[in-house]
Amino acid sequence: MNNRTIITVVGKDTVGIIAKICTHLADSRVNILDISQTIVQGFFNMMMIVDMNDAARPFGEIADELERLGDEIGVKVKCQREEIFTSMHRI
């Protein structure tokens with residue numbers, strides 16, 4: 001079963017953003033398949049593709065936890081299932 005999710009993280013760059021997000025994912029048994037990040041004039045932008053097949057909790061719980069974690073560290077974190085993300089960005 002395809003259970004891939006797109007996670008985006010955007011905000012002012014600070015130390016530890018990647019570490020905190022990735023640690024939370026690892027603790028939740030979410031496997032990172034691909035990751036891209038860039039910093040442009042002090043603003044952090046990251047996009048991840050993750051596999052949630054073996055996740056410790058349901059998609060909604062993990063998405064809510066990541067959103068709260070983002071609030072704590074000063075970034076916006078959004079999670080979307082791959083099929084929804086793809087449909088929304090189809091030309």
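Determine whether Glu61 is modelled with pLDDT of 95 or more, in contact with a strand residue (DSSP E or B) (Cβ under 6 Å, 6 or more places away or on another chain), acidic (Asp, Glu) and not in a strand (DSSP E or B).
So Glu61 does not fit the description; no.
Of (1) of a type in the set (A, V, I, L, M); (2) modelled with pLDDT of 95 or more; (3) more than 10 Å from the chain's Cα centre (by Cα); (4) assigned to a helix (DSSP H, G or I), Ala55 satisfies all except one. Which?
Going through (1) of a type in the set (A, V, I, L, M); (2) modelled with pLDDT of 95 or more; (3) more than 10 Å from the chain's Cα centre (by Cα); (4) assigned to a helix (DSSP H, G or I) one by one, Ala55 breaks only (4).
With part of a strand (DSSP E or B), under 17 Å from Arg81 (Cα atoms) and without any contact (Cβ under 8 Å) to a residue 24 or more places away in the chain as the only criterion, which of Ile7, Ile49, Ile35 stands out?
The unique qualifying residue is Ile35.
I'd like to verify a number: residues in segment 19-46 that are under 10 Å from the mean Cα position of the chain (by Cα) and under 13 Å from Lys76 (Cα atoms), how many?
2
If Leu69 passes every condition in (1) closer than 19 Å to Ile84 by Cβ; (2) within 11 Å of the chain's Cα centre (by Cα); (3) touching a residue at least 40 places away in the same chain (Cβ under 8 Å) but one, which one does it miss?
It fails just one condition, (1).
For Ile21, all conditions in the list (1) touching a residue at least 40 places away in the same chain (Cβ under 8 Å); (2) closer than 18 Å to Arg68 by Cα; (3) assigned to a strand (DSSP E or B) hold save one; what is the number of the exception?
Answer for Ile21: the failing condition is (3).
The values are calculated or read from the model by the stated rules, or taken from the named source; none is laboratory data. The shown structure was predicted, so the numbers you read here are calculated from the model rather than taken from an experiment. When we count neighbours, we look across all protein chains shown, and the Cβ atoms used for this are built from the backbone with ideal geometry, even at glycine.
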